[in-house]
Amino acid sequence: MEPITTTAALASACARLSRHDFVTVDTEFLRETTFWPKLCVIQAASPDEAIIVDALAPDIDLAPFFELMANPNVTKVFHAARQDIEIVWHRAGLIPHPVFDSQVAAMVLGYGDSISYDQLVQRVCGQALDKSSRFTDWSRRPLSPAQITYALADVTHLRDIYLALLKDLEARGRSDWMGEEMHVLTSPATYRQDPATAWERLKSRVRKPRELAVLVEVAAWREREAQSRDQPRGRIIKDEVIGEIALQQPQTPERLAELRSLPKGFERSRYGEAVLDAVKRGLERDPKSLPRLERDRALPNGATATVELLKVLLRMTAEQHGVAAKVIATTDDLERIAVSDEAPVPALSGWRRELFGDKALALKAGRLALAVDRGRVIATERQIPAVGSASQK
């Protein structure tokens, strides 16, 4: 199959694809040397056909593809959709809708945590994929026959996977669960790269307001610089260096030069001057304007044991209902639940609460007991005697 290289051919193909209830979609991109993903190839399939699009062709406008992504009458089916959606968001300023992510559906149906596409193809379609072209240079032209075969396989098998998972979701009454899961995936907030919140992705040891203020300002400067220059964040300045700057708060080139994590001469560069300006802005910030710094939570006495019990309950629930434990609750969720019945975690809302959250609270309150029956963990309801009853005397 020859890749589509013109706008007219792409428009014609997208018009055909849009006549169907769903299309499967995947992209091939490069990101090693850029901040934004460099879109190289688009592949899509309907029940009738599959296409491959050369996104780097000089005479192509991808507008017809983006119109297809925005078509509310066509479900866009991806596997591990986040990076593909990020590309559409960055290039066209829109979120594909409606969306179905086969990786999320597989977790909801108990195929395991974050199952890969080739594993899902093996389990649903009974076929093994050749992944040898996965890490090839997708920007080189012409695309090789092996690359084209690999790219198309990522959307042709996905048709059968989608239909199988959709049928299973409906049979098990979990279609509404998928709707909840797609909410975060299709929210623009998921893909906005706001410099003001760039500090949140950093792991640092900052604890004081002044340290946090410097961290926020330096991280925001790096984010703006990386976006404007289209370079990876680490090429501007590494994460651990930002943390060290926040702790040391250098205000002169000489102090900046004392940081061993910076290359020699950095303090005299344009970047060095910009970092010092960011430090100054941080030190001048009103502490009241700073975001809230969540401190490491030290679990109160007894909570650690409660977390361990909740982990057992979670594994039991996941096995019983055929749902990946990871998609029900995280360890952080369990720690928060152990501390508070009103913890603002996904495990205490929606389908997760019905499946697990209410039982977790009942276990905390002593209304639920865990036991082993024939080698399997089971949960049984307990009657709590009223205060002053005969059983308590």
For the stretch 195-289, the charge dipole (Cβ of Lys, Arg +1; Cβ of Asp, Glu -1; about the Cα centre) points to a positive end, and the Cα of 242, 204, 215 closest to that extreme belongs to 204
Relative to 2.2 N^0.38 Å, what does the C-alpha radius of gyration of the chain come to as a ratio? Two decimals please. 1.21
Quickly work out the residue 365-to-residue 203 label distance, labels modelled 7 Å from Cα along the C-beta direction, and quote it in nm with one decimal. 3.7 nm
For q = 0.13, 0.20 Å⁻¹, Debye-computed log10 I/I(0) when each Cα of the stretch 303-381 counts as one equal scatterer: -0.33, -0.81
Karplus (6.51, -1.76, 1.60) ³J(HN,Hα), θ = phi - 60°, over the stretch 33-50, in Hz, Gly and Pro reported as x: 10, 9, 7, 8, x, 8, 6, 10, 9, 10, 10, 8, 8, 10, x, 9, 7, 9
Under a cut-off of 25 Å between alpha-carbon atoms, report the lysines in cross-link reach of residue 288, not counting same-chain residues fewer than 8 places apart. 203, 208, 280
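Probe of 1.4 angstrom, ligands and nucleic acids ignored: what's the accessible area per residue over the chain, in square angstrom? Let's see the in-between values first.
Working: 20890 Å² over 393 residues.
In whole numbers, the chain has 53 Å² accessible per residue.
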For the stretch 29-136, listing GluC sites (Glu not before Pro) in a DSSP loop whose Cβ sees at most 15 other Cβ atoms within 10 Å gives 32, 49
Could you give me the ³J(HN,Hα) list for the stretch 99-104, computed from phi with Karplus coefficients 6.51, -1.76, 1.60 and θ = phi - 60°, whole Hz, x at Gly and Pro? 10, 10, 9, 5, 5, 5
Among residues other than residue 116 whose Cβ falls under 12 Å from its Cβ, what is the net charge (Lys/Arg +1, Asp/Glu -1)? 0
Under 5 Å, built H, 5+ apart or other chain: amide partners of residue 77: 23, 24, 25, 100
Using a probe of 1.4 angstrom, how much of the accessible area of the chain is carbon and sulfur, in percent? 48 percent
Take residue 149, project a point 7 Å from its Cα along the Cβ direction, then tell me which residues of the stretch 48-87 have their backbone nitrogen under 18 Å from it. 50-52
On a straight-distance basis, which lysines could pair with residue 364 in a cross-link, Cα separation under 23 angstrom, same-chain partners fewer than 8 positions away excluded? 311, 326
Given 0.36 nm per residue, what is the gain on full extension from residue 288 to residue 339 after removing their alpha carbon distance, in nm? 15.6 nm
Using θ = phi - 60° and the Karplus curve 6.51 cos²θ - 1.76 cosθ + 1.60, what whole-Hz ³J(HN,Hα) does each residue of the stretch 313-318 get, with Gly and Pro shown as x? 4, 5, 4, 4, 5, 4
GNM top mover of 23, 74, 377 - the chain, alpha-carbon springs below 10 Å: 377
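The values are calculated or read from the model by the stated rules, or taken from the named source; none is laboratory data. The structure presented is a predicted model; accordingly, all values stated were derived computationally and were not measured. For neighbour counting, all protein chains shown are included, and Cβ atoms are generated from backbone atoms with ideal geometry for every residue, glycine included. Keep in mind that these areas ignore ligands, DNA and RNA; they rest on the heavy atoms of the full protein, side chains included. Shrake-Rupley method; radii C 1.70, N 1.55, O 1.52, S 1.80 Å.
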